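Engineer: Okay, here's the structure, questions in a sec.
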Amino acid sequence: MKISRAVIVRLMVMIVLGLIFPLITNLTKVGGQPLYWLKALYSFLFAFAIYEGDFQIVKFFRRRYPNIGQTRVRTIASMVSNSLYTLAIVFLGFWLITLHYGASLKAYPVTEVMLISLFVSMVIGAIYESNYFLGRWKQTVVEGERLKGEKVSSEYEILKQQVNPDFLFKSLQVIEELIENEEEQALDYTEKLSQTYRYILQQRDEELIDLKTEIDYVQKYLSLLQKQLGQPLPIQWQIDSEAEYKRIIPFSLQYILSPILANNTHKLSQITIFHKPDPLLGIRIQGIGWLGVIQEILPPLQEKYSYFTNQPLDIATTSEEEIEIWMPLIDTQIQV
């Protein structure tokens with residue numbers, strides 16, 4: 001069985017502490033014996049119990065408070081717990097020695113050993129915490145760069161959907177037809193088109209946006225798309241005012257709805273957009289064959305949501321002809 005480098009390092013530290021502790025703590029008597037090696041053995045056992053116990057305490061609080069934002073809580077909890085544990089081990093160890101040899105605690109430098117052990121424990125704990133913090137910080141930086149890259153990629157895909165030549169060409173066709181027959185509708189269509197692109201330019205650098213603002217944008221976009229298709233879109237909105245000021249990733253609704261509405265190969269009966277108090281935004285898609293389409297387009301958006309909230313962006317198949325997408329609504333108090 002191969003022993004890891006970390007285990008070897010811990011063992012070497014324990015041996016060194018066992019060798020130097022008798023020299024720096026004036027342990028002149030151990031069970032009535034002045035032998036240095038006996039004193040070193042006791043010191044090694046102290047070091048082993050303290051070091052391994054402190055190490056397990058540190059690991060416990062790393063699991064409980066793993067994030068870089070929890071560094072203060074994790075550090076304080078680890079240091080306090082390690083200090084109490086170290087003092088308890090030293091006192092218990094000396095008590096067992098005196099009990100075995102029938103001696104008095106006054107014959108041993110208990111206070112001095114406690115203080116030195118506490119100092120060593122704090123130094124080692126600080127080294128472990130510093131190493132862990134730097135590792136998490138590096139991981140956070142790498143993750144941030146990865147998400148930034150994914151953000152740019154996903155936003156580029158969204159912009160391509162909006163600015164693609166086909167969409168612009170159809171929009172110009174609609175405007176041309178409306179100018180010939182309905183000038184007022186042509187003006188309204190042109191205004192909505194300009195508002196749509198203005199929204200893209202304004203919100204492309206935002207991380208989160210109010211749900212109400214996103215819905216207003218999507219409804220304008222859908223009205224443009226409806227004119228292009230020449231038929232009503234099967235979309236129903238069931239959003240209460242209490243959810244309108246929760247936050248959402250910009251373009252996320254349009255990112256999901258566009259490929260569904262532009263798809264001519266699957267039957268679409270109805271799309272219902274509603275919310276639950278959890279708070280979650282639900283998108284119910286009724287039709288046949290949509291699961292594969294949704295599973296293909298969602299992963300980039302799921303990655304982005306995992307950065308902002310612990311709640312996943314989920315898909316649920318409620319029946320053969322009905323799929324629900326559950327999108328977390330982010331509270332306005334969350335800072336990003």
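Engineer: Sort out which residues of the stretch 273-320 are within 18 Å of residue 251 (Cα to Cα) and aromatic (Phe, Trp, Tyr), and write them in order of number.
Structural biologist: 274, 305, 307, 308
Conditions (1) under 22 Å from residue 239 (Cα atoms); (2) more than 24 Å from the chain's Cα centre (by Cα), marked per residue:
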{"position": "269", "(1), (2)": "yes, yes"}
{"position": "276", "(1), (2)": "yes, no"}
{"position": "286", "(1), (2)": "yes, yes"}
{"position": "295", "(1), (2)": "no, no"}
{"position": "303", "(1), (2)": "no, no"}
{"position": "309", "(1), (2)": "yes, no"}
{"position": "326", "(1), (2)": "yes, no"}
{"position": "329", "(1), (2)": "yes, no"}
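Engineer: Assuming residue 220 fulfils every condition listed in (1) under 19 Å from residue 174 (Cα atoms); (2) of a type outside the set (Val, Ile, Thr); (3) without any contact (Cβ under 8 Å) to a residue 24 or more places away in the chain apart from one, which condition is it?
Structural biologist: (3)
Engineer: Take the residues in the stretch 84-110 that are surrounded by 17 or more Cβ atoms within 10 Å (Cβ to Cβ) and at pLDDT 80 or above, then tell me which one is nearest to residue 308 (Cα to Cα).
Structural biologist: Among residues in the stretch 84-110 that are surrounded by 17 or more Cβ atoms within 10 Å (Cβ to Cβ) and at pLDDT 80 or above, the one nearest to residue 308 (Cα to Cα) is 85.
Engineer: Every residue in the stretch 216-252 that is closer than 17 Å to residue 330 by Cβ and either touching a helix residue (DSSP H, G or I) at 6+ places or on another chain (Cβ under 7 Å) or buried (at least 18 other Cβ atoms within 10 Å of the Cβ) (or both), please.
Structural biologist: Passing the criteria: 239, 243, 244, 245, 246, 247, 248, 249, 250, 251, 252.
Engineer: Restricting to the stretch 303-336, give me the number of residues that are modelled with pLDDT of 80 or more and touching a Pro at 6+ places or on another chain (Cβ under 7 Å).
Structural biologist: Number satisfying all stated conditions: 2.
The values are calculated or read from the model by the stated rules, or taken from the named source; none is laboratory data. Everything numeric here is computed off the predicted structure, so don't read it as measured data. Cβ sites come from the backbone with ideal geometry, for glycine too, and all protein chains shown count toward neighbours.
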